[in-house]
Structure formats: structure tokens, C-alpha cells
1. Give the relative contact order (percent, whole number) for the chain; include only Cα pairs under 8 Å separated by 6+ residues.
2. Along its three principal axes, how long is region 252-399 when you only count alpha carbons? Whole Å, largest extent first please.
3. Hey, what's the Kirkwood Rh for the chain if you take every pair of different alpha carbons, in angstrom?
4. Considering the Cα trace of region 170-242, what is its radius of gyration and what is Dmax, both in angstroms?
5. Among Val387, Ile356, Leu277, whose Cα sits farthest toward the positive end of the charge dipole of the chain (+1 at Cβ of Lys/Arg, -1 at Cβ of Asp/Glu, about the Cα centre)?
6. Before anything else, pin down the relative contact order of region 252-399: Cα pairs under 8 Å, at least 6 apart, normalised by residue count, whole percent.
7. So, in nm, how far is label Glu286 from label Ala121 when the simple model puts each one 7 Å beyond its Cα toward the Cβ?
8. Please compute the length gained on full extension between Ala194 and Asp4, using 0.36 nm multiplied by the number of residues separating them and subtracting their Cα-Cα distance.
Amino acid sequence: MKMDYRDTERGAEVAARTEAFLEEEVLPREREWLGGRDAGSDSDRQAEGEALVEELREEARERDVFAPQLSEEYGGLGLAFEDLLPVFEQAGRSILATRAMHVAAPDEGNMHILELAGTEAQKERWLGPLARGEITSGFSMTEPAQGGGSDPKQVQTTAERDGDEYVITGHKWWTTQGSEADLLVVVARTDWEAHPYVGCSLFLVPADTAGVEIRRDVPHIGESGLSHAEITYDHVRVPEENMLGAENAGLAVAQQRLGPARLTHCMRFIGMADRALDVAKAYMNERTAFGDPLIEKQALRFDISDAEMRLHAARTMVRHAARTLVADGEARVEVAMSKVFAAETTQDIIDTCVQICGGNGIGKDLPLADFYENVRAFRIVDGADEVHLRSIAKRALDEDEIHPAELEYLTRFREDLSVGGE
Ligand SMILES: Cc1cc2nc3c(=O)[nH]c(=O)nc-3n(C[C@H](O)[C@H](O)[C@H](O)COP(=O)(O)OP(=O)(O)OC[C@H]3O[C@@H](n4cnc5c(N)ncnc54)[C@H](O)[C@@H]3O)c2cc1C
């Protein structure tokens, strides 16, 4: 549903161009890339998919919608974070569009921290080629149990200094795009004595460095054209200048990636849910059952109302969090609330849209089945729901003031009365 969110003029203008790019270039070719593709070998499909992304990237550059989040110096549009809100939402309407516009995770987040924390030499070597789409990257933080997962304090991968090099040893998995990546951003412990939140550092590891081994792509639900790799790092040597940000400040630097990245994820998934609604509405309009078009059925009309209402709330929360993040440099609770709420809402809406479209919701002629498979991970990636609820509870219950006076008139057990009727 169109609603005026008072987005910035620049954001609205690029969002309009993005909408045209999707309508005219991306959506007509989406089925070639996603589930509707003709059966063929996996490697053929992969190669065809990459060729299509490349072709669309050229078109995105010509239409001035390529990498809107990157500074102009690196070939982007240099939009401010708030300008991105409606643009990422438009891009999120198609999984293919996020790749074509170079706004997809994990490159988007990795480019962001390289721009933020990288040295000039690091930017020249990696950010330039990444921004141009010549190389790809992965972010390697999560480890199999009992390593780092929901609790980053459990990171077991280590990086030990040896002269002017670091030697990285550890085991990661779920590194998105890890199998294809040329560059891996690795989180490793550099100080076991320090408090775990300050004992980790980030390293830029070229994927062809000796000791880096891609073990497998973890089989998973959802097709986004990207792998999620299990990787071992066996005494991988990198020069000290490959450290990204300050030593032992890795989780703080990663946080600078994760805060905005959680919101850009929300924006993309809100776009996906909005498109799912468009598909469901079109189906309701055309399909009849029991004498009427589905669009006349009150139960389904209420489903749509509920979805629109919740999506509006999600959009509003994300915008509030983004504005707080820009103004204060931090918006921990606002981001946590937006992330949990947007993930639940978009998952529920996509599920509703699948239901409304019946068998067509499950089939892959429409984009809903791909959306359904992809949205589930959103409640887990970038921090599972419970991890964010923990932060919200900490603010609500441990940091906010408790007001005992509110219970002034509460009736309590009269302890002055003696037991047994004496
Ligand atoms: C599609 C996908 C892509 C990913 N991409 C990347 C990537 O590029 N790079 C990367 O480093 N990682 C990536 N991940 C990993 C992701 O970040 C982790 O899966 C996530 O942080 C949860 O960690 P875990 O899987 O180890 O779950 P665990 O830590 O084992 O947690 C399991 C569950 O326990 C519950 N839980 C956790 N803490 C609490 C608590 N305090 N209270 C109550 N319940 C709790 C939650 O429900 C959680 O889902 C990806 C994962 C997926 C599925």
C-alpha cells in the first residue's frame, strides 16, 4: 500500500528510478534466475545466473541505481543512510534486483565496514574491486558449536601474532557467499585474557591464502544464488596490515557493520513482503471460488488489512530506528525492536500470501515460494529473535527505572495476623 513516509527527496527520486528498473528490466527476467528456470546442471544454472546478474548490473549503472549506498568515489550514488530507506525497500521486491543493484548481503555490509574502518591501502586493494563487482566477499564470524553463534563471546578462532604476521586458526560456517568469495572478513580472538567483547579482531583474508579450505556449502532452504560455506582456517598467515580496524576492537567494528546492516535487511524484507501482497491481491482479484472472486471474501479482506497494518508499523519502526542511528550514532534497542518485528511481520505476511494463492503459492511460477523459503532465515540471521529480545528486556527491566510506588494500593498478605486464630 502506498503511504507517505516523508522520505527524503533524494531517496524518493532514486526509489522511483529503482521501481522503473525493476518493472522494466528485472521482473521480466526474474523467473530465469529463480525457481522457474528450466532444469539443467547446477553449474550451468550458476553460470547463467551470474551472467544475468552481470547484464543487469550494466543496466543498473546506466539507469543510475547501482550501489546507491556507496560513495561516489567508489562508483556508488553516495546516498545518506536515510535516503536508502525507500530505495532498499524497492530493491527488496526482487531477490534478483538486490544482486543487480549491488545492495545484497554480504557484500553490502562488507563494503560498508571497509569504507568505515579500512585503511587507504585496504580500500584501494579490496573496496575498489568489490564496489565495481570485480570480486566478491564473505563475512566469517559464526562457528559450529561450541564456538561463536548467538553469543559472540564464544568465538574460538584465534589469530596469533608471529613477527609482522598473524596466524589464523579456526572453524567457521554459514559464511554467506563463502565458496565464491575472493575476500573473507574473519573474526578471530587476538587476546584470550581480555573481556571477550574486546578480545577479538577482524582480518581481511584473501580466499586463496594457503590454509583456507572451503569444506562444503551447507545445504539449506531458500535459493538466493549464494552459498553458505563451512570453512576451516588452518594456520592461515596474513600480514599485520590485513587487520581491519584496531586490534581487539573487532566486535565493536563488526557492530558498526551489523547495526545498519540489520536495518537494510529489514528494508529489503519489507519490500519482499510488499511485493508478496501485490501478488496475492492480483490473485484475489482474478480468481473466483464459490460464486465470487476471492477479493470479495471478508476473511481474506481482513487478512490483507492486518498485513497492511503490520507492514506499516514495521516501516515506521525501521524509519525511526534509522533516524535515531543517524542522529545518535547508536540505536541498539530501536534496531533490535525493528529487526524482531520486521522479521516476524514479513514472515507472517508472506505465509498469508502463499495461503491466499493456494497451489500457486507453493509453485514457482510466482515468486511467493522463493520468498517463503528465504524469509525464514531472517528471524535467525543478524541475531536470532531471542538475542534481540534479550537486549530489549535489558533496557526495559535492568536499565529503565522501576517505580515501586505504582504498587501503593496493592493488597498484600497481612503478616501481622497470627496463624491459627490466636
Ligand atoms: C541463511 C543464513 C546466512 C548466514 N550468513 C552468515 C554470514 O554471512 N556470516 C556469519 O558469520 N554467520 C552467518 N549466519 C549465521 C547466523 O548469524 C547464526 O546462525 C545466528 O547468529 C545464530 O547462531 P547459531 O546458528 O550458532 O545459533 P545458536 O547460537 O546455536 O542459537 C540457537 C537458538 O537459540 C536461541 N537462543 C539463543 N540465545 C538465546 C537466549 N539468550 N535466550 C533464549 N533463546 C536463545 C535462538 O532461538 C537461536 O536461534 C547465517 C545463517 C543463516 C541461516
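Read-outs throughout are calculated quantities, based only on the coordinates presented, and are distinct from any laboratory measurement. This is a predicted model, so every value here is computed, not measured. Note that each Cβ is placed from the backbone with ideal geometry, even for glycine, and that neighbours are counted across all protein chains shown.
1. Working: 691 pairs, mean separation 57.4, N = 422.
Relative CO of the chain lands at 14 percent.
2. 58, 27, 24
3. On the way: mean 1/r = 0.0432 Å⁻¹.
About 23.2 Å for the chain.
4. Computed over the Cα atoms of region 170-242, radius of gyration and Dmax are 13.4, 41 Å.
5. Ile356
6. RCO, region 252-399: 30 percent.
7. Rounded to a tenth, the inter-label distance reads 5.9 nm.
8. Answer, rounded to one decimal: 63.6 nm.
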